[in-house]
Amino acid sequence: MEEKAIVLTNENYEEVLNSNTPVVVDFWATWCGPCKMVSPVIEDLASEFEGQTSICKLNVDEMPDIAAQYKIMSIPTVMIFKNGEIIDKAVGVRTREEYQNMIKNAL
C-alpha cells in the first residue's frame, strides 16, 4: 500500500507552519509499539481527508530538534496545527473516531 502521509524533515517542516489548511502531525518512532498501532489509522485518515488537510508523520529519532521544540515526551503524539499554531493534541493511542473527530473539528 502506498503511504499517503507526508514524511516531515527539517527541510520541509516549515510547510506545516505556513499552511492555510489544518495540518495533522503524528510524532512517532520505529521502536514504539503504540506508534505502530496508530500508523495504519493515520494512513487511512490521510486517504479519507486527502485534499482537505495534510497528514504528516515525524520520526522523533530522526528529527529530535523539532520534537524537542514541541516538548514531545510521549509518543505517539498527534497534533493539529492551523496557521502555525497547535489547535489540538492527543497523546497516546486513540481510536480512529477520536482522530477523525479531531480532524473534522479543525476543518
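Whenever a residue of region 81-95 is over 13 Å from Trp28 (Cβ atoms), its partners that are assigned to a loop (DSSP other than H, G, I, E, B), lying with C-beta atoms within less than 6 angstrom and at least six residues away or across chains, give the pairs Lys82/Pro22.
Based on what the data block shows, is Lys89 farther than 14 Å from Ala106 by Cβ, charged (D, E, K, R), part of a strand (DSSP E or B) and within 13 Å of the chain's Cα centre (by Cα)? No; evaluated as a whole, the condition is false for this residue. Against the numbered list (1) assigned to a helix (DSSP H, G or I); (2) under 17 Å from Asn12 (Cα atoms), Cys56 comes up short only at (1).
One line per residue, one yes/no per condition, for (1) of a type outside the set (Asp, Glu); (2) part of a loop (DSSP other than H, G, I, E, B):
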{"residue": "Glu3", "(1), (2)": "no, yes"}
{"residue": "Glu11", "(1), (2)": "no, yes"}
{"residue": "Leu17", "(1), (2)": "yes, no"}
{"residue": "Thr21", "(1), (2)": "yes, yes"}
{"residue": "Val25", "(1), (2)": "yes, no"}
{"residue": "Thr30", "(1), (2)": "yes, yes"}
{"residue": "Ser39", "(1), (2)": "yes, no"}
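The number of residues in region 14-37 being touching a residue at least 40 places away in the same chain (Cβ under 8 Å) and in contact with a Cys (Cβ under 9 Å, 6 or more places away or on another chain) comes to 8. Taking region 48-107, which residues are polar (S, T, N, Q), farther than 17 Å from Val38 by Cα and buried (at least 17 other Cβ atoms within 10 Å of the Cβ)? Matches in region 48-107: Thr53 only. Inspect region 18-26 for any residue being modelled with pLDDT of 95 or more, small (Gly, Ala, Ser) and over 23 Å from Glu97 (Cβ atoms) and give the result as yes or no. Within region 18-26, none of the residues are modelled with pLDDT of 95 or more, small (Gly, Ala, Ser) and over 23 Å from Glu97 (Cβ atoms).
Consider Asp61 against the criteria (1) outside any helix (DSSP H, G or I); (2) modelled with pLDDT under 95; (3) more than 15 Å from Ile103 (Cα to Cα); (4) of a type outside the set (A, V, I, L, M): it satisfies all of them except one. Which criterion is unmet? Failing condition for Asp61: (2).
The values are calculated or read from the model by the stated rules, or taken from the named source; none is laboratory data. Quick caveat, the model's predicted, so the values are computed rather than measured. Glycine gets a Cβ as well: all are built from the backbone with ideal geometry, and neighbour counts include every protein chain shown.
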